[in-house]
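Reading through the structure tokens given below for one structure.
The values are calculated or read from the model by the stated rules, or taken from the named source; none is laboratory data. Remember, it's a predicted structure, so these values are computed and weren't measured experimentally. Ideal geometry is used to build each Cβ from the backbone, glycine not excepted, and the neighbour counts take in all protein chains shown. With ligands, DNA and RNA removed, areas are computed over all heavy atoms of the protein, side chains included. Shrake-Rupley method; radii C 1.70, N 1.55, O 1.52, S 1.80 Å.
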Number of protein chains: 2
Amino acid sequence: MTVTIRDVARASGVHVSTVSRTFSAPHLVNAETRTRVLAVADDLGYRPNRAARALTTGKTHNLGLIVADIANPFFSSLIKAAQAQARLRDYHVFVADTDEDPQVEEELIQAFAKQVDGVLLCSPRLTNKTIERLGEEVPLVVVNRRVKGMPTVLMDVGRGAGLALEHLVALGHRRIALVTGPSGSWTSKEMQTAAATSEADVVFLGPNPPTALGGLSAVTDVLASGATGVLAYNDLVAIGLMEGLAERGTEVPRDLSVIGVDDIVTGRLGSPRLTTIAMPTAAAGRMAVDLLLHSVDAEGAPGVTTLETSLVVRESTGEARR
Amino acid sequence: MTVTIRDVARASGVHVSTVSRTFSAPHLVNAETRTRVLAVADDLGYRPNRAARALTTGKTHNLGLIVADIANPFFSSLIKAAQAQARLRDYHVFVADTDEDPQVEEELIQAFAKQVDGVLLCSPRLTNKTIERLGEEVPLVVVNRRVKGMPTVLMDVGRGAGLALEHLVALGHRRIALVTGPSGSWTSKEMQTAAATSEADVVFLGPNPPTALGGLSAVTDVLASGATGVLAYNDLVAIGLMEGLAERGTEVPRDLSVIGVDDIVTGRLGSPRLTTIAMPTAAAGRMAVDLLLHSVDAEGAPGVTTLETSLVVRESTGEARR
DNA sequence: TTGAAAGCGCTAACAT
DNA sequence: ATGTTAGCGCTTTCAA
């Protein structure tokens, strides 16, 4: 039923290898023959079987991309950039969502192996050890996680958190709550490290799911902490937090200052507009693809790229209430 | 370098077929042999090559899922449900984003063909004709589009739009703006059809990109239309619209009532909370997977499932200003 | 420029 | 229960 290279060969009176060449190395075949083969192929509705091709060439021209939550705008921005960059290089990107579950993450990497030429691991929840092991089955590039001997793209969120904390301190905040993210998160750890050097008195609240719901459920703790400023794990958490605060009659930034991380578009809408640490997601996506494509054919020393973050001050931060 | 079934066979002193069975039909092989083979395989770091396996079995145990915009919560909700359902059936889902570009959409379907057992096309931008043609290369299930002879999941947005319009009319609105979506969109067309039977005077404004930005840029037209009520293509558009309205000092719902479509979580946050038509995205995702899996092995009459929508009244709609 | 033949890694009858 | 053999659809030497 499915038409193969052999059918085309028979119908056009040439050998299979000629048909093969017509598709994978057209310049090696006589113009006339090529036209004829192409015509017959089109007529028969022939389509090269990419999986079979990959079996011999070892190249699928596909990339896998794994994220913890496809619904998080932070990831979708990265995904879009990665796709665009891959497209430029004649590659396709297949995305999979782990739903924050490390086991699913591992399973997906296995599923991707041999079906793609490499996979991008974004903010993985797996342990470094597991990642290293999986790296032997399929080329990996890791985003926002430091893994020994593996090509890596980092966003300097530690620096950003430092800036955010300084901003809060400058506004007179002395007690600050850090609403942390999932336990496996490198980003979360970086933020905690940055907090340790702050002049302010920082209390850690977490771990929390990295979602609006996570923020919403942290409201009570934040209120109880006595903090006048909050640095949230990400914008989603910050937005959920502000929503909960509004329900309790706590006004932002009058009663409490809130800072998020990521600079997702939702934070720029509504009121108050969110002060946040902007993450270079698009650049990271492009970078990761290039690193991966490079590591696929060139076997050199794995690169570590660190991208800068920046503080975007909007309306959710203000003078500490005294 | 990459360890194959043959290496394992040699190292464990059995034939390749025994090794094959150990992995694909363990019950057919002696317990002792199995343990030994497994041990050797583990030792050598052997991993079955899923692509090669697919070549002989014809089954990859992967599903493709194509959406226009991965960043749209409407799609991510559907994707999550589809993934969960597929997981139940021992399948993996690979997602790809077309960026609203029909040509990319076609390319991606081609890329998926032979690497997955079927693909879910969500709110496609391709023409029916093209979809039908591609359906011959790989099993397809279409969501929110009626394609002849193809398994389909529909969400009854026409009905929902009717309800929304009635709600507006009941509040005294006589002139209503319908902010339409992309031109290839079936949903958009359904809404227009529903609008045609409304008692109110409905003006069509569009096409618009189905994003917050699209809504933002429609503000001027909406204001100029003289409408007192708006039905937007989706929640994202509605949110962008409300943002733009706020900037111009137009208050919702006092000066203008706004209704969206999808019931994304962002619409439930902030103020005013969005009145919207809830779409059964999760059910659609599950349904689509089951239809696809069914059409993969059973060749029956393609089913068309229509899912109900409902109107969720929140704070963005109110009495028409007189 | 084209053909012949081997093989990518695996599975699936069919034998034994 | 295990081995033999053929072959999935394609690419790629090597010869002609």
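Across the identical copies, the 7 Å label point of B:Phe204, projected outward along Cα→Cβ, sits 5.8 nm from its counterparts, in ascending order.
Excluding same-chain neighbours fewer than eight residues apart, the aspartates and glutamates reachable from B:Lys114 by a Cα-Cα span under 14 Å are B:Glu136, B:Glu137.
Residues whose amide H lies under 5 Å from that of B:Val202, counting only those 5 or more places away or on a different chain, are B:Ile176; hydrogens are built 1.01 Å from N in the peptide plane.
Could you compute the FRET efficiency for A:Glu137 and B:Thr306, with r as their C-beta to C-beta distance and R0 at 60 Å, rounded to 0.05? After rounding, the FRET efficiency stands at 0.90.
Distance from the C-alpha centroid of segment A:191-257 to that of segment B:71-113: 34 Å, rounded to the whole angstrom.
Across the accessible surface of chain B, with the other protein chains kept in place and a 1.4 Å probe, carbon and sulfur atoms take up 51 percent. Stretching the chain fully between A:Arg314 and A:Lys148 yields a gain of 56.0 nm (0.36 nm per residue, less the alpha carbon separation). Tell me whether the protein assembly as shown comes out rounded, prolate or oblate; compute the Cα gyration tensor, take square roots of the eigenvalues as a ≥ b ≥ c, and use a/c under 1.5 as the rounded threshold. Cα axes put the protein assembly as shown in the oblate bin. Taking the label point 7 Å along Cα→Cβ, A:Gln103 and its counterparts in the other copies are spaced 4.5 nm apart, in ascending order.
Summarising the strand pairing of the protein assembly as shown, around 10 percent of its internal DSSP beta bridges are antiparallel.
Peptide A:46-55 has a mean shielding of 5, counted as Cβ atoms of other protein chains within 10 Å of each residue's Cβ. Considering only protein heavy atoms, what per residue accessible area in square angstrom results for segment B:5-57 with a 1.4 angstrom probe? Heavy-atom accessible area per residue stands at 63 Å².
Ordered from highest to lowest accessible area with the whole protein assembly present and a 1.4 Å probe, B:Glu319, B:Glu308 read as B:Glu319, B:Glu308. Contact with the other protein chains removes 30 Å² or more of accessible area, compared with the isolated chain and a 1.4 Å probe, from these residues of segment B:242-265: B:Glu243. The dipole here belongs to segment B:31-97: it is taken about the Cα centre, uses +1 on the Cβ of Lys and Arg and -1 on the Cβ of Asp and Glu, and is about 220 debye.
Rounded to the nearest 100 Å², what is the sum over both chains of accessible area buried where A meets B, with a probe of 1.4 Å?
3700
About its Cα centre, the dipole of the protein assembly as shown is roughly 1160 debye, where the only charges are +1 on Lys and Arg Cβ and -1 on Asp and Glu Cβ.
Here A:Asp255 yields copy-to-copy label distances, from shortest upward, of 2.9 nm, the label point defined as 7 Å from Cα along Cα to C-beta.
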